[in-house]
1. Of L119, S141, S14, whose Cα points farthest to the positive end of the dipole of the range 5-166 (charges on the beta-carbon: +1 Lys, Arg; -1 Asp, Glu; origin at the Cα centre)?
2. Sorted by average packing, counted as other Cβ atoms within 10 angstrom per residue and highest first, what order do 3-15, 115-127 take?
3. Hey, rough spin-label estimate for R114 and K67, points 7 angstrom out along Cα→Cβ, what's it come to in nanometres?
4. Rounded to the nearest 5, what % of DSSP beta bridges with both residues in the range 5-166 are antiparallel?
5. Say the dipole of the chain comes from +1 at the beta carbon of Lys and Arg and -1 at that of Asp and Glu; which of I108, H132, G72 then lies farthest toward its positive end?
6. In whole Hz and in residue order, list the ³J(HN,Hα) couplings for the range 144-160 that follow from phi through the Karplus curve 6.51 cos²θ - 1.76 cosθ + 1.60, θ = phi - 60°; x for Gly and Pro.
7. To make sure I understand, if each residue's beta carbon is the centre and we count other beta carbons within 10 Å, what order do M1, M160, M138 fall in, fewest to most?
8. Could you line up K143, K23 from fewest to most neighbouring Cβ atoms inside 10 Å?
Amino acid sequence: MPTTPDQLFAFLDSLGIAHTTVKHPPLFTVEQSRALRGKISGGHTKNLFLRDKKHQLFLVVALEDAKIDLKGLHRQLGATGRFSFGSSDLLREVWGVEPGAVTPFGAINDTQSRVTVVLDAAMVEHETLNYHPLVNTMTTSIKRGDLVKFLEATGHVPHMARVSGHTGDAP
């Protein structure tokens, strides 16, 4: 069984990681998030669950308005062949979340460390970052250093890279 949001929060607490969560209607797209998130401060994000030709898995985490060149990204990240999106079934199996709720917090479910987590450099310029806590009916805010601490605690040392041509305002 995948981890529940309450189990995630307990894990964050056990690591001494401060977090705040806001409940909201289900959000499936960046556009819906912008309209319904209210006044949640910090960097708002998108998460791309990708696989390469040899079925290596990657989660690319960037600011919601980041432009990412998927055609060339595989070369930058050392993947084999162009990326494609991982299937919904693979997302559920490995990351333990549904489409529309993709989040770096899914690392808690990937006990075999099958996914390489890539954090975009433009995103980590923000002190506070926002992600779904395994479901798309809430948004959890966490400090960038605590995100790294969480990922490392799950066996996912994040790869930091400038993978986007950020289009929004500077943080």
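1. Farthest towards the positive end: L119.
2. On the way: 3-15: 14.8, 115-127: 19.5.
Per-residue Cβ counts within 10 Å, averaged per peptide and sorted highest first, yield 115-127, 3-15.
3. Output for this residue pair reads 3.4 nm.
4. Numbers: 20 of 30 bridges.
Roughly 65 percent of the beta bridges in the range 5-166 run antiparallel, per DSSP.
5. G72
6. Each residue of the range 144-160 in turn: 4, x, 6, 4, 4, 4, 4, 4, 4, 5, 9, x, 10, 5, x, 8, 9 Hz.
7. On the way: M1 6, M160 13, M138 17.
The most exposed by this proxy come first: M1, M160, M138.
8. Values: K143 16, K23 9.
Ranking K143, K23 by Cβ neighbours within 10 Å, fewest first, gives K23, K143.
Coordinate-derived values only; no laboratory data. Remember, it's a predicted structure, so these values are computed and weren't measured experimentally. Cβ sites come from the backbone with ideal geometry, for glycine too, and all protein chains shown count toward neighbours.
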